[in-house]
Amino acid sequence: MAAGTVGVLTVCGPMAQAAPAEHVAQISRVADSAWSATVGFSGRISAVKTGSLVVTTANGDVTFDLTQGPYRSGSLQTGLNAYVAAHAQNGTWVATAIFTYP
């Protein structure tokens with residue numbers, strides 16, 4: 001990711017639905033200047049592991065580190081749709097916020 005990149009990119013596909021508007025609004029409320037390099041991913045949760053989450057997007061599986069305590073709305077269950085805001089850190093996607101919905 002290039003230094004200085006600002007904004008949110010949402011990766012969507014046939015397997016994922018767009019995040020409901022109320023979730024996008026919640027992201028805006030919990031966002032701050034530290035989120036300047038945050039990227040958004042939409043997809044379906046395919047695995048929940050200790051300290052990580054795997055979401056299947058239109059571009060394949062993406063694994064997120066959960067060890068830094070991301071903001072969560074909804075439960076982390078396999079099969080649920082999810083919108084994950086994350087930033088890259090040492091080659092790993094670190095989740096900042098996770099919103100799940102049916």
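The values are calculated or read from the model by the stated rules, or taken from the named source; none is laboratory data. Since the structure is predicted, the reported quantities are computational estimates derived from the model, not experimental observations. Neighbour counts run over all protein chains shown; Cβ positions are idealised from the backbone, glycine included. Side chains are part of the model used for accessible areas, which takes the heavy atoms of the whole protein and leaves out ligands, DNA and RNA. Shrake-Rupley method; radii C 1.70, N 1.55, O 1.52, S 1.80 Å.
Below are the figures for this structure:
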read-out: Elements of type strands (runs of 3 or more DSSP E) in segment 29-71, at least 2 residues being at pLDDT 90 or above, open to solvent by 30 Å² or more (accessible area, probe 1.4 Å) and within 18 Å of ASN90 (Cβ to Cβ); value: 60-65
read-out: Given (1) polar (S, T, N, Q); (2) in contact with a Lys or Arg (Cβ under 6 Å, 6 or more places away or on another chain); (3) open to solvent by 70 Å² or more (accessible area, probe 1.4 Å), number of the condition GLN77 does not satisfy; value: (2)
read-out: Residue in segment 88-99 that is in contact (Cβ under 8 Å) with a residue 12 or more places away in the chain and farther than 15 Å from PHE41 by Cα present; value: yes
read-out: Restricting segment 85-102 to residues that are in a strand (DSSP E or B) and small (Gly, Ala, Ser), the residue that is nearest to GLY74 (Cα to Cα); value: ALA97
read-out: Index of the failed condition, THR100 passing every other in (1) hydroxyl-bearing (Ser, Thr, Tyr); (2) crowded, with 18+ Cβ neighbours inside 10 Å; (3) out of contact with any Leu (no Cβ under 6 Å at 6 or more places or on another chain); value: (3)
read-out: Close pairs from segment 62-76: first among the aromatic types (Phe, Trp, Tyr), partner surrounded by 16 or more Cβ atoms within 10 Å (Cβ to Cβ), Cβ under 6 Å, at least 6 apart; value: PHE64/LEU53; PHE64/VAL84; PHE64/ALA86; PHE64/TRP93; PHE64/ALA95; TYR71/ALA97
read-out: Residue satisfying all of: in segment 81-97; over 11 Å from PRO70 (Cβ atoms) and open to solvent by less than 10 Å² (accessible area, probe 1.4 Å); nearest to the chain's Cα centre (by Cα) among these; value: ALA82
read-out: Top-ranked residue of segment 73-83 - restricted to ones that are in a strand (DSSP E or B) and at pLDDT 95 or above, ranked as farthest from ALA97 (Cα to Cα); value: ASN81
